[in-house]
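Take a look at the structure set out below.
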Amino acid sequence: MTSERSETPFVSLFLRERERLRRIAIAMGMNRTDAEDILQDVSVKVLRYEGTFGEDSDMIRWLIRTTVNQCMTEHRRGFRQSAAKIVARRPEAARPHVAGPGVPEQVGRTEEREIVRRTLLELDPVRLSVMVLRYFCHLSSQEIAQTMKWNASTVRGQLREARLILAGKLLQRGVEP
C-alpha cells in the first residue's frame, strides 16, 4: 500500500521548472550528475519553504536564486579547482585546438565552443551566475536584479566586467570574441 501525497503549488512549480533549473546548473559549470545533486538539494528546500510564497513569479525567482546559490556553494567546495586540475593533466593531443586549414568548419566551431565553455568556468561564481542568467536563461538586467536581490545597475556592471574579462581571456587563447 502506497500513500499518495497531493502536490502543492510550490512542488508543482518546481517540477515544471526543473529542466530550466538543470540547464542553469549545467551552464554554471556543473556536470549532469552534480546538476542532479543540486536539484535534489533545491527540492529539499522547496519542501522546507513551501507555503511562504504568494505568486508564481516570486517562487520562480526563489528557485533560480537557490539553484545559482547551490552551484556557487559547490564551486567554493572545490569542484571548479579539481576540474581545472583534470584538464591540465590531460595529454596535449586530447585538448581541443582552434581549427586550421583543412579542418572541417563544424569541428572548429565545436572546439571553440569548448574553449569558451572552459573560459566561462574561470570567471568568479558571481560573474558566472550573472552571465548564465543573462545569456543562457535570457533574463533581462531587471529580472536578474529581482532574482538576485541586487540593483539593476549592479547587474549591468557585473555583466560588463564579465564580458571584458571573458573577451580578454578568449583573445589570449586565440579565439575572437
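Coordinate-derived values only; no laboratory data. Note that the structure is a prediction, hence the values are computed from the model and not measured. As a convention, Cβ positions derive from the backbone with ideal geometry for all residues, glycine included, and neighbour counts pool all protein chains shown.
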Going 7 Å from the Cα of Arg156 toward and past its Cβ, which residues in region 136-150 have a backbone nitrogen under 16 Å from where you end up? 140-146, 150
Residues with amide H under 5 Å from that of Leu121, placed H, sequence gap 5 or more: none
What FRET efficiency comes out for Arg173 versus Thr52 if R0 is 41 angstrom and r is the Cβ-Cβ distance? Round to the nearest 0.05. 0.35
Separation between the Val11 and Arg77 pseudo-spin-labels, each 7 Å from Cα along Cα→Cβ, expressed in nm? 2.5 nm
Would you please give the FRET efficiency between Val44 and Arg117, computed as 1/(1 + (r/R0)^6) with r the Cβ-Cβ distance and R0 = 25 Å, to the nearest 0.05? 0.30
Only counting other Cβ atoms within 10 Å, I'd like Val46, Val175 sorted with the fewest neighbours first. Val175, Val46
